[in-house]
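Scroll down for the structure; my scribbles are underneath it.
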Amino acid sequence: MNNGRFATALHLLTLLRLNRGELLSSDYMAGSVNVNPAVVRKELSNLRDRGLVTSKEGRGGGYSLGKPATQIQLSEVYQVVRDTHVLGRSNDPNPDCPVGKQINGHLQDLYRRADEALLNQLGQLTLEDFGRKFD
């Protein structure tokens with residue numbers, strides 16, 4: 001997952017944690033992340049679908065955390081945005097090659113183990129832990 005979605009999602013959640021009790025607009029958050037508001041709204045929609053963010057529409061609306069920052073593990077955030085293994089994806093090797101015909105099976109095991117290690121590490125941190133760096 002080398003596309004920046006984790007960084008964007010964690011940035012948004014950290015902003016919401018820092019501004020507890022306030023509703024933040026997607027425009028405000030987009031200015032902080034320095035991306036197009038449509039990118040922010042899409043990521044917020046994904047986070048809302050998983051219960052990490054809530055939203056209120058209309059005038060005076062915006063976004064807030066869907067549950068306390070102490071209950072949001074960084075592994076949850078990663079799982080919301082993950083679209084491939086942390087080490088990437090396998091390729092389409094030559095099946096006639098002695099390595100090519102076996103490599104994807106071995107890579108999948110390696111990828112699974114790397115993902116488990118990352119999720120284990122991220123699971124030990126909450127949004128509250130991470131957010132304290134900004135207090």
### Check on Ala114, in a helix (DSSP H, G or I), among the hydrophobic types (A, V, I, L, M, F, W, C) and over 16 Å from Thr8 (Cα atoms)
yes
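Looking at Gly131, Gly123, Gly100, which one is among the small types (Gly, Ala, Ser), farther than 25 Å from Leu74 by Cβ and at pLDDT 90 or above?
Details: Gly131 fails: farther than 25 Å from Leu74 by Cβ; Gly123 fails: farther than 25 Å from Leu74 by Cβ.
On inspection, the qualifying residue turns out to be Gly100.
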### Message
So, in region 63-84, exactly how many residues are of a type in the set (Asp, Glu) and either at pLDDT below 95 or in a strand (DSSP E or B) (or both)?
### Response
1
### Query
Can you tell me which residues in region 20-52 are open to solvent by 30 Å² or more (accessible area, probe 1.4 Å) and either touching a Lys or Arg at 6+ places or on another chain (Cβ under 9 Å) or polar (S, T, N, Q) (or both)?
Leu23, Ser25, Ser32, Asn34, Asn36, Ser45, Asn46, Gly51
### Task
Could you please find all residues in region 13-55 being on the phi > 0 side of the Ramachandran plot and either modelled with pLDDT of 95 or more or of a type in the set (Phe, Trp, Tyr) (or both)?
Asn34, Gly51
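Scan region 87-102 residue by residue and report those that are under 30 Å from Gln121 (Cα atoms) and either open to solvent by 50 Å² or more (accessible area, probe 1.4 Å) or aromatic (Phe, Trp, Tyr) (or both).
Filtering region 87-102 down to residues under 30 Å from Gln121 (Cα atoms) leaves 87-91, 102.
Leu87, Arg89, Asn91, Gln102 - these are the residues of region 87-102 that are under 30 Å from Gln121 (Cα atoms) and either open to solvent by 50 Å² or more (accessible area, probe 1.4 Å) or aromatic (Phe, Trp, Tyr) (or both).
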### Message
Among the residues of region 104-111, are any at pLDDT below 95 and touching a His at 6+ places or on another chain (Cβ under 7 Å)?
### Response
yes
### Task
Among the residues of region 103-118, write down those that are open to solvent by 40 Å² or more (accessible area, probe 1.4 Å) and closer than 23 Å to Ala7 by Cβ.
Glu116, Ala117, Leu118
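Out of curiosity, is Val86 within 17 Å of Thr8 (Cβ to Cβ), in contact (Cβ under 8 Å) with a residue 60 or more places away in the chain and touching an Asp or Glu at 6+ places or on another chain (Cβ under 6 Å)? Steps first, please.
On the way: within 17 Å of Thr8 (Cβ to Cβ): yes; in contact (Cβ under 8 Å) with a residue 60 or more places away in the chain: yes; touching an Asp or Glu at 6+ places or on another chain (Cβ under 6 Å): yes.
So Val86 fits the description; yes.
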#### Entry: Hits in region 1-19 - residues which are in a helix (DSSP H, G or I) and open to solvent by 30 Å² or more (accessible area, probe 1.4 Å)
Arg5, Phe6, Ala7, His11, Leu18
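The values are calculated or read from the model by the stated rules, or taken from the named source; none is laboratory data. What you see is a predicted model, and the numbers here were worked out from it, not measured in a lab. Please note: Cβ atoms are built from the backbone with ideal geometry, for glycine as well, and neighbour counts cover all protein chains shown. Side chains are part of the model used for accessible areas, which takes the heavy atoms of the whole protein and leaves out ligands, DNA and RNA. Shrake-Rupley method; radii C 1.70, N 1.55, O 1.52, S 1.80 Å.
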